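Visitor: Please find one structure pasted underneath; my questions will follow.
Please treat every number below as a calculation from the coordinates, not as lab data. The model shown is predicted, which means the values in this text are computed figures rather than measured ones. We place every Cβ from the backbone using ideal geometry, glycine too, and count neighbours over all the protein chains shown.
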Amino acid sequence: MKTDDLVNLLATGEVAVPRRSASGRIGLAVLAALPVSFVILFGEYGLRPDLVQAMFWPMFWVKVLFPLCIAAAAFVTVQRLARPGVRMRHAWWGGVLPVLGIWGLAAFVWFSVPIEERMPLLMGQSWRICALSIGFMALPVFAATFVALRGLAPTRPALAGAAAGALAGGVGASVYALHCMELTAPFLAVWYVSGIAVPVLLGASLGPRLLRW
Amino acid sequence: MARNTVGSRTTPSDAEAALRRLFLRGLDGDAGAYREFLQKLSAHLRAFLGKRLFGWPDEVEDLVQECLLAMHNQRHTYQSDQPLTAWVHAIARYKMIDLLRAKSVREDLHDPLDDDLAVFAASATEASDAKRDLGGLLQTLPERQRLPIVHVKIEGLSVAETASLTGMSESAVKVGIHRGLKALAAKFGGGAAP
């Protein structure tokens with residue numbers, strides 16, 4: 001085949017593309033998937049009964065907002081990774097800093113309590129189900145973001161998949177925080193971070209397979 | 001070697017501005033400008049890839065075509081405030097890595113995957129034929145994708161004419177073109193390699 005023939009083929013017929021037709025896709029995917037996460041929350045888990053009361057405790061907001069910060073940074077990062085030639089820059093730091101912050105807080109708490117109180121703080125009542133539940137809550141956003149990415153053009157598919165996972169994991173952890181009763185920094189530092197890490201690793205491994213174009 | 005690189009007198013930034021103007025007009029629906037853009041772009045890609053794939057001159061034209069089709073399919077991902085060079089370079093690099101990975105000779109490369117962004121630095125207009133056969137690849141597509149591509153993109157019929165000719169709806173024709181070109185891109189990269 002001659003390249004000129006291909007050029008003629010591509011340039012014949014309708015060639016227009018609406019400007020900015022790609023810009024809202026990932027945002028729309030998150031908006032479409034978020035209600036599904038809430039359906040899982042209400043259907044399978046339920047809100048924590050003392051939610052209104054908990055809203056007056058700073059640790060509750062740490063628990064809701066640190067994953068949301070990760071999700072926001074991952075959203076910016078995945079938007080950039082979805083377009084060829086757009087540099088990732090430092091957006092990913094926004095995802096790392098909240099994790100470092102919660103680890104620092106956890107270390108502070110860990111060393112400031114007597115040894116016999118440490119393990120209960122770390123394990124809480126629900127360590128068995130926490131990471132898995134966050135992964136479960138992350139699933140709708142994870143799938144929707146991957147679908148959106150398949151319509152875009154990530155040139156670094158493993159990174160794009162990981163960022164999609166961080167976005168999903170952050171959203172999932174924030175939603176799960178409305179159910180979860182745990183409020184200690186060591187618990188969040190281990191189990192919430194693990195719950196977010198699961199979709200990140202899954203995304204990094206699925207990206208090269210599912211996001212090829 | 002017969003393929004010679006025609007050193008263009010324009011600087012890369014001139015080329016960037018000219019190509020970008022043509023591309024943006026194309027995105028607004030100017031098919032003539034879009035054709036000119038693709039022609040100039042293919043010459044730049046040929047020079048850019050030829051320099052980096054000097055070990056496999058036969059692969060260059062295949063890869064030029066693969067890049068052109070990929071850029072066409074992904075043209076909605078270009079942001080008009082972004083340098084076109086960066087967008088083109090990222091796609092060309094992605095497709096080149098894909099090819100090299102398929103050849104699994106990455107370790108033998110000296111340094112073709114540099115971060116030199118000078119996609120538009122040179123232009124080579126003399127094309128050799130690619131080994132790939134478009135007609136044969138089109139035959140492998142399902143009818144709902146093949147017919148719209150043949151009628152609209154090769155014979156130059158309008159979407160409405162194609163719709164009445166094939167009995168498909170107009171949106172089905174458009175979707176068929178879109179999906180068919182994506183499917184072709186997948187075949188360009190994968191199954192078509194000898």
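Visitor: With +1 on each Lys and Arg Cβ and -1 on each Asp and Glu Cβ, how big is the dipole of region B:129-193 about its Cα centre, in debye rounded to the nearest 20?
Guide: Charge dipole of region B:129-193: 300 debye, to the nearest 20.
Visitor: For the pairs A:Lys2/B:Lys131; A:Lys2/B:Lys187; B:Lys40/B:Lys174, flag any whose C-alpha to C-alpha distance is greater than 20 Å.
Guide: Going by Cα-Cα distance, B:Lys40/B:Lys174 fall outside the 20 Å limit.
Visitor: Okay, next question. Which cross-chain or sequence-distant (5 or more) residues have an amide H under 5 Å from the amide H of B:Ser123, H modelled 1.01 Å from N in plane?
Guide: B:Val6, B:Ser8
Visitor: Further question: Tell me, what ³J(HN,Hα) does each residue in region A:18-29 have, in order and in whole Hz, if you take phi through Karplus 6.51 cos²θ - 1.76 cosθ + 1.60 with θ = phi - 60° and put x for Gly and Pro?
Guide: Values per residue, Gly and Pro as x: x, 4, 6, 5, 9, 5, x, 5, 6, x, 4, 4 Hz.
Visitor: Shifting gears a bit: Can you list the equivalent-ellipsoid semi-axes of chain B, largest first and in whole Å, using the square root of 5 times each Cα gyration tensor eigenvalue?
Guide: Result for chain B: semi-axes of 30, 21, 14 Å.
Visitor: Could you please rank A:Leu6, A:Leu188, placing first whichever residue has the fewest other Cβ atoms within 10 Å of its Cβ?
Guide: Ordered by Cβ neighbours within 10 Å, fewest first: A:Leu6, A:Leu188.
Visitor: Please turn the phi angles of region B:140-147 into ³J(HN,Hα) values with the Karplus equation 6.51 cos²θ - 1.76 cosθ + 1.60 (θ = phi - 60°), one per residue in order, whole Hz, x for glycine and proline.
Guide: 7, 7, x, 4, 5, 9, 5, 4
Visitor: Write out the trypsin sites (Lys or Arg not before Pro) in region A:46-96 meeting two conditions: DSSP loop, and at most 14 other Cβ atoms within 10 Å of their Cβ.
Guide: A:Arg87, A:Arg89
Visitor: Still on this structure: I'd like the distance separating the alpha-carbon centroids of region A:1-22 and region B:139-174, in whole Å.
Guide: Taking the Cα centre of each part, region A:1-22 and region B:139-174 sit 15 Å apart.
Visitor: Okay, moving on. What is the projected area of the convex hull of the Cα atoms of region A:20-110, averaged over all directions, in nm²?
Guide: 8.2
Visitor: Moving on. For the protein assembly as shown, compute Rh as the Kirkwood radius over C-alpha pairs and then the Stokes-Einstein diffusion coefficient at 4 °C and 1.567 mPa s; write the answer in µm²/s, rounded to an integer.
Guide: Rounded to a whole number, D works out at 55 µm²/s.
Visitor: Right, here's the next one. What do you get for Rg/Rh over chain A if you use C-alpha atoms and the Kirkwood form of Rh?
Guide: 1.10
Visitor: Okay, moving on. So what is the 222 nm mean residue ellipticity for the protein assembly as shown from helices alone, if each DSSP H run of at least 4 adds -39500 (n - 2.57) and you divide by all residues, rounding to the nearest 500 deg cm²/dmol?
Guide: Per the formula, -21000 deg cm²/dmol.
Visitor: Further question: Expressed as a fraction of 2.2 N^0.38 Å, the rule-of-thumb size for a compact globular protein of N residues, what is the C-alpha radius of gyration of region B:13-106?
Guide: 1.09
Visitor: Once the mean 1/r over all distinct Cα pairs of region A:61-120 is inverted, what Kirkwood radius in angstroms do you read off?
Guide: Kirkwood radius, region A:61-120: 13.3 Å.
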